[in-house]
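Each remark here refers to the structure printed beneath this line.
The values are calculated or read from the model by the stated rules, or taken from the named source; none is laboratory data. Please read these numbers as outputs of a predicted model, since none were measured by experiment. Every residue, glycine among them, receives a Cβ derived from its backbone with ideal geometry; neighbour counts consider all protein chains shown. Quick note on the areas: whole protein, heavy atoms, side chains included, nothing else; ligands and nucleic acids left out. Shrake-Rupley method; radii C 1.70, N 1.55, O 1.52, S 1.80 Å.
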Amino acid sequence: MQRVNLSTVSEFVFVGLSDAPEIRLLLFVLFLLIYLATMAGNITLLVAISTDSHLHSPMYFFLSNLSLLDLLCPTITVPKMLGALLLEHKEISFSGCLFQHFFLIAVVGTEIFLLTVMAYDRYVAVCHPLRYPSIMSTKLCAQLAVGTWATGLLNSLLHTSMVFTLSFCGPNKIQQYYCDIPPVLTLSCSSTHSRELVLLVVAGVLGGGACVVTVVSYIYILLEILARNSPGIWHKAFSTCGSHLTIVCLFYGTTICTYVRPSSTYSLKWDRVVSMLYGMITPLLNPIIYSLRNKEVKCALKRVISQLRRAL
């Protein structure tokens, strides 16, 4: 038989969050406010870190990278979702879906690796405080940051090439508000089992490796705290690691639930909720968590806000 190219789908259509006009308007206002608050919070945190000399340390250098990722993550998906809610423009071209998928997976992957690097940074700060400046040198911090971004991009390139080189010839309705791996895979006319296996293995190895490094770092931190057993050590350690540990639990839990599993277990309602948690709520909460838990960040933010007030 003559082999025919079945990749005839030129665009995809997102399934709306709601068909009721009044609900769509309410969701539009809600998500717009969340998006604007996320932008304001992370931009303010970036400005505070870049302008305050007290925050020019490895911990805040990595935190600034995290804030940048938290700016990018919702920006990739939320504007399109807001357009669909307000204008009912739910279509996205094949190439647009590909690029949205690529950048989203790159940002999510980079954030996972960055949180792992931040766990190592906290380990060095607690377990080797005297050697911390020499171990976490400017050169090493730059290398770790570049490495996380490069790994995230390469991981996304692999995932995107594996998904979008499949044949798409039938239904084109994506059961999600953005181009994500599980709902796109369900639309393919090709057999996806082998590629799903590769994607699961890669995601499992990279994600599992990141989790192991993070868990081991915190085990060493816990052992160091128990070994010292000095007054106030628990409070000091919690103030040092509490914010990062909270973000790790939020982000790792939601992303692993979404990506490290077969597409056959995909659930429309559950996955929408989970994707909104790591795609919208976590980027909103990250600057709040670090602001509430960290006195230095609080002071820096107060100085930035006071400067803005004087300027206005």
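Some points to look at:
- Option label - Rg and Dmax of the Cα atoms in Å computed here, alternatives (1) 21.0, 68; (2) 21.4, 78; (3) 20.9, 71: (2)
- Relative contact order for the stretch 147-194, counting Cα pairs under 8 Å that sit 6 or more residues apart, in percent: 37 percent
- Under-26-angstrom lysine pairs by C-alpha in the stretch 19-303, whenever the two are 8 or more apart or on separate chains: 9
- Length released on extending from LYS173 to SER93, taking residue separation times 0.36 nm less the Cα-Cα span: 27.6 nm
- When +1 charges are put on Lys and Arg Cβ atoms and -1 charges on Asp and Glu Cβ atoms, the dipole computed for the stretch 19-303 relative to its Cα centre reaches about 600 debye.
- Accessible-area ranking of VAL212, VAL108, largest first, probe 1.4 Å: VAL212, VAL108
- Of HIS193, HIS56, the residue with the largest accessible area leads and the full order is HIS193, HIS56 (1.4 Å probe).
- Taking the chain as a Gaussian network of alpha-carbon nodes connected by springs under 10 Å, the highest mean-square fluctuation of the residues LYS90, LYS298, LYS139 belongs to LYS139.
- Top of PHE113, PHE99, PHE14 by mean-square fluctuation, Gaussian network on the chain, Cα under 10 Å: PHE99
- Degrees separating the helix 295-311 axis from the principal Cα axis of the chain, which is the longest one: 70 degrees
- Residue (of GLY253, PHE103, CYS169) at the positive-pole extreme of the stretch 19-303, dipole from beta-carbon charges: GLY253
- Residues with amide H under 5 Å from that of ILE174, placed H, sequence gap 5 or more: VAL13, PHE14, VAL15
- Centre separation in Å (Cα based) which lies between the stretch 56-132 and the stretch 134-150: 17 Å
- In the stretch 19-303, Cα pairs under 8 Å separated by at least six residues give a relative contact order of 27 percent.
- Signed unit charges on C-beta, dipole axis of the chain, positive-most listed residue THR8, SER53, THR282: SER53
- Rounded to the nearest 500, the 222 nm mean residue ellipticity of the chain from helices alone is -26000 deg cm²/dmol, with -39,500 (n - 2.57) taken per DSSP H run of at least 4 residues.
- Computed from backbone phi, the HN-Hα couplings of the stretch 188-197 come to 6, 7, 7, 6, 9, 4, 5, 6, 4, 4 Hz, rounded to whole numbers (Karplus: 6.51 cos²θ - 1.76 cosθ + 1.60, θ = phi - 60°; Gly and Pro given as x).
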